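As structure tokens, the structure follows; a few thoughts come after it.
The values are calculated or read from the model by the stated rules, or taken from the named source; none is laboratory data. For clarity, every value in this text was computed on a predicted model and none was experimentally measured. Positions of Cβ are backbone-derived with ideal geometry, glycine not excepted, and every protein chain shown enters the neighbour counts.
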Amino acid sequence: MKALVTGGAGFIGSHLVDHLVEAGFDVVVVDDLSMGAISNIKHWEDVTIYVADVCNDEFMQQLLADERPDYIYFLAAIASVADSIERPAETHAVNHTAVFNLLEYIRQIQLPIKQFLFTSSAAVYGNLPELPKREDSRVAPVSPYAIDKYATERFVLAYGELYDLPTVCVRFFNVYGPRQNPSSPYSGVLSILTDCLKYQRPFTLFGDGSQTRDFVYIQDVIQALWLITEKRVQHEVINIANGSETSLNGIIKMYQEIAGQSLEIKQAEQRGGEVAHSVASIGKLARLDYSTEWPLRKGLTKYWEGERADA
Ligand SMILES: NC(=O)c1ccc[n+]([C@@H]2O[C@H](COP(=O)([O-])OP(=O)(O)OC[C@H]3O[C@@H](n4cnc5c(N)ncnc54)[C@H](O)[C@@H]3O)[C@@H](O)[C@H]2O)c1
């Protein structure tokens, strides 16, 4: 079996690549290394890596024709809401057009794939009050990032239904764990908190800390992606999350306890457009036999131990 992972040198992609290699897949990665790094991939010597832009249609088409992957996992993206607001056209090219063009090419050449998995985001739900977010809850994407994710999902599903392609979409909630790049000011809050604890830097808290998120550890994300692959799920949107809600204040407290250190906290104004509360319903995932193996305290402890060992 051969798998193509776009964005495979990034945070989630590199963990997926590790898992696929360990499961015996031939793995091909396309990543322009704008955020990722080849060193993120544990078994990089066993992986075919193309440092290339997914927006390069000619390259991507040649790649599909040459490599003919059975599974395609599309993770390459400008993965930041704030970046998408600053650079909407560039974001749109990567987060939407590149995915659409690849699907269209698959349709044209009738590539016999077993699964095309697109990675969307909880951002599509926006700031509506209904909780927990079910896959059929109302959506209210507001940023270019969220709009692109939602529009792309619709195309991915429509291509699945209209042209009988085995497509599936996942909506990640707040994923955390090793290799999340903390250098961007818009990275996941846990990678920033980790850096602040590690290097004793002050942490900037936007708002009063009562905002809640559904944090999911990377190994549970991989468990979910693998179940979706093994069970050949298609024509669905599936939340990938922990299914529990934690406030920012709660997580700061827990992380300080785990690290045995206290953080200097700088208070700042709440950022405009920030979602107040977020938690997923994970019923669909549970029906695939998913169960959380990494509750927050366990995941954070593992993450912190790994980070400390690297320091
Ligand atoms: N991390 C999260 O909590 C989260 C939440 C919701 C959705 N997602 C989605 O999951 C996917 C993976 O996210 P991540 O957290 O691993 O982000 P990441 O930034 O670590 O990974 C994205 C990868 O894509 C690569 N990339 C970016 N533009 C590219 C281009 N034009 N051509 C080729 N490669 C390109 C980057 O170099 C990087 O390695 C993204 O689609 C993201 O939108 C992530």
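Evaluating Gly160 against the criteria (1) within 16 Å of the ligand (Cβ to nearest atom); (2) more than 30 Å from Glu269 (Cβ to Cβ); (3) at pLDDT 95 or above leaves one unmet condition, (1). With respect to (1) within 14 Å of the ligand (Cβ to nearest atom); (2) within 27 Å of Glu230 (Cβ to Cβ); (3) among the aliphatic types (A, V, I, L, M), the lone exception for Ile109 is condition (1).
Kindly evaluate Ser120 against the criterion of being buried (at least 22 other Cβ atoms within 10 Å of the Cβ), within 15 Å of the ligand (Cβ to nearest atom) and not acidic (Asp, Glu). So Ser120 passes the test.
On the given criteria, is Ala52 within 15 Å of the ligand (Cβ to nearest atom), within 19 Å of the chain's Cα centre (by Cα) and among the small types (Gly, Ala, Ser)? Working first, answer last.
Details: within 15 Å of the ligand (Cβ to nearest atom): yes; within 19 Å of the chain's Cα centre (by Cα): no; among the small types (Gly, Ala, Ser): yes.
Judged against the criteria, Ala52 is not a match.
Remark: Val94 matches the filter, which requires a residue to be among the hydrophobic types (A, V, I, L, M, F, W, C), closer than 24 Å to Glu274 by Cα and within 13 Å of the ligand (Cβ to nearest atom). Against the test of being surrounded by fewer than 17 Cβ atoms within 10 Å (Cβ to Cβ) and either modelled with pLDDT of 95 or more or not basic (Lys, Arg) (or both), the options Tyr255, Tyr199 yield a single qualifying residue, Tyr199. The single condition among (1) within 14 Å of the ligand (Cβ to nearest atom); (2) among the acidic types (Asp, Glu); (3) in contact with a strand residue (DSSP E or B) (Cβ under 7 Å, 6 or more places away or on another chain) that Glu236 does not meet is (1). Of all residues in region 20-41, those satisfying the criterion of being surrounded by fewer than 18 Cβ atoms within 10 Å (Cβ to Cβ), assigned to a helix (DSSP H, G or I) and either not assigned by TED's automatic domain parsing to the domain that holds Asp70 or not β-branched (Val, Ile, Thr) (or both) are Glu22, Ser39. For the subset of region 21-48 comprising residues that are among the hydrophobic types (A, V, I, L, M, F, W, C) and away from the ligand (no atom under 15 Å from the Cβ), which member is nearest to Met60 (Cα to Cα)? Per the criteria, the residue is Phe25. Taking the stated definitions as given, is Tyr145 closer than 23 Å to Val17 by Cα, modelled with pLDDT of 95 or more, within 12 Å of the ligand (Cβ to nearest atom) and of a type outside the set (Val, Ile, Thr)? No.
Here Pro182 fulfils each of the conditions (1) within 16 Å of the ligand (Cβ to nearest atom); (2) in the same structural domain as Ala76 (by TED's automatic domain parsing) apart from (2).
Exactly one residue out of Val142, Val124, Val156, Val168 is farther than 26 Å from Trp226 by Cβ, in the same structural domain as Ser80 (by TED's automatic domain parsing) and either in contact (Cβ under 8 Å) with a residue 12 or more places away in the chain or hydrophobic (A, V, I, L, M, F, W, C) (or both): that is Val142.
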